[in-house]
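Written out below as structure tokens is the structure these notes cover.
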Amino acid sequence: MDSAGIAWHLQELEGWDAPEMRSQYSEREADHGAWASPVYLSQRPITLAGKIEAPDLATLDAAVDQLLAAASLTDTTLIVYESTPKQAVVRRSGKPLVRPITDTVAAYSLLVTAADPRRYSTILQTQSTGLASITGGMSLPITLPLSITAGTASGQITLSNVGTIATRPIFTIDGPVSDPIITVQYPDTTIRQLSYSDDIALGDELVIDTDAHSAVLNGTVSRRRYLSGQWPEIPAGATVTVQWTASSYDAAALLTGTCRSAWI
């Protein structure tokens, strides 16, 4: 029950358990069986149905308006509080149905669709690092057992996915930096790299979205043409190490990686 005395009942959540699949099968000529195409997840339609109980008619009308506004025509985050809370970004994809039962009770049914079929953790992982550097250390023309240790900034971060399907991180680079290269190393030691062949000035920010396959400077300008390499993912149940380098060192340069664990 909320602060207005309205009781919201969710009695049906259809489509949250699993999305539909996309695949094709071509019959084998003069042989048993068929040739199978790769299998992909389709968009995830979700039906939410239930009941609203309000203290009076005016409050019920306000609750219905609130419900219709929440089922937005633009991107809206839907959170389902399971034992591990998960979320999806949805939009209204069907006509909302609201049926009055009494002056204070109404039944509702909403159809929304998540274009991205994955269900994501409500916890956003964020890690940042500057470029790798080495400071200190000396070489002296003496033979004494004397050592002066150098300090090293790692230039790397780790990102984890505890879910059941690969998730795709977002990388943000704050300048100044020239020709940065992002390297993602997997548990089996294989790597994927993304190279950006241009300068990012002081005060500029480049956002690389590995799901949208985009590189956007300062939130408005596409710089996709300067980006090359392989789009990395974080496999289910895995932790990856992310390193980055550039053609020259600047202490102000910063790489930030963000991701959410993902479930089918």
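The values are calculated or read from the model by the stated rules, or taken from the named source; none is laboratory data. The model shown is predicted, which means the values in this text are computed figures rather than measured ones. Note that we place each Cβ from the backbone using ideal geometry, even for glycine, and neighbour counts take in every protein chain shown. Just so you know, the surface numbers come from the protein's heavy atoms only, side chains and all, with ligands and any DNA or RNA stripped out. Shrake-Rupley method; radii C 1.70, N 1.55, O 1.52, S 1.80 Å.
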Exercise. Given a 1.4 Å probe and the protein chains all in place, what does the accessible area of T258 round to, in Å² to the nearest 10?
Worked result: 30
Exercise. Which of these values of Rg and Dmax of the Cα atoms in Å was calculated from the structure shown: (1) 25.6, 94; (2) 19.4, 68; (3) 17.8, 53?
Worked result: (1)
Exercise. To the nearest 20 debye, what is the magnitude of the charge dipole of the chain about its Cα centre, counting +1 on the Cβ of each Lys and Arg and -1 on the Cβ of each Asp and Glu?
Worked result: 280
Exercise. If you keep only loop residues by DSSP, which chymotrypsin sites (Phe, Trp or Tyr not before Pro) in region 68-123 have at most 11 other Cβ atoms within 10 Å of their Cβ?
Worked result: Y81
Exercise. So for region 1-101, Kirkwood radius off the Cα pairs, Stokes-Einstein at 10 °C and 1.306 mPa s: how many µm² s⁻¹?
Worked result: 94
Seminar exercise, completed: Row for region 51-91, column shape: gyration tensor on C-alpha, a ≥ b ≥ c, rounded if a/c < 1.5 i.e. under 1.5, prolate if a/b over b/c, else oblate; value oblate
Seminar exercise, completed: If one compares the long axis through the Cα atoms of helix 57-70 with the longest principal axis of the Cα atoms of the chain, the angle in degrees, nearest 10, works out at 40
Problem set entry | Residue-averaged 222 nm ellipticity for the chain, from DSSP H runs of 4+ at -39500 (n - 2.57), nearest 500 | -1500 deg cm²/dmol
Exercise. Which sequence of E29, E233 reflects their accessible areas, 1.4 Å probe, from the largest down?
Worked result: E29, E233
Exercise. With contacts defined as alpha carbon pairs under 8 Å and 6 or more residues apart, what's the relative contact order of the chain in percent?
Worked result: 19
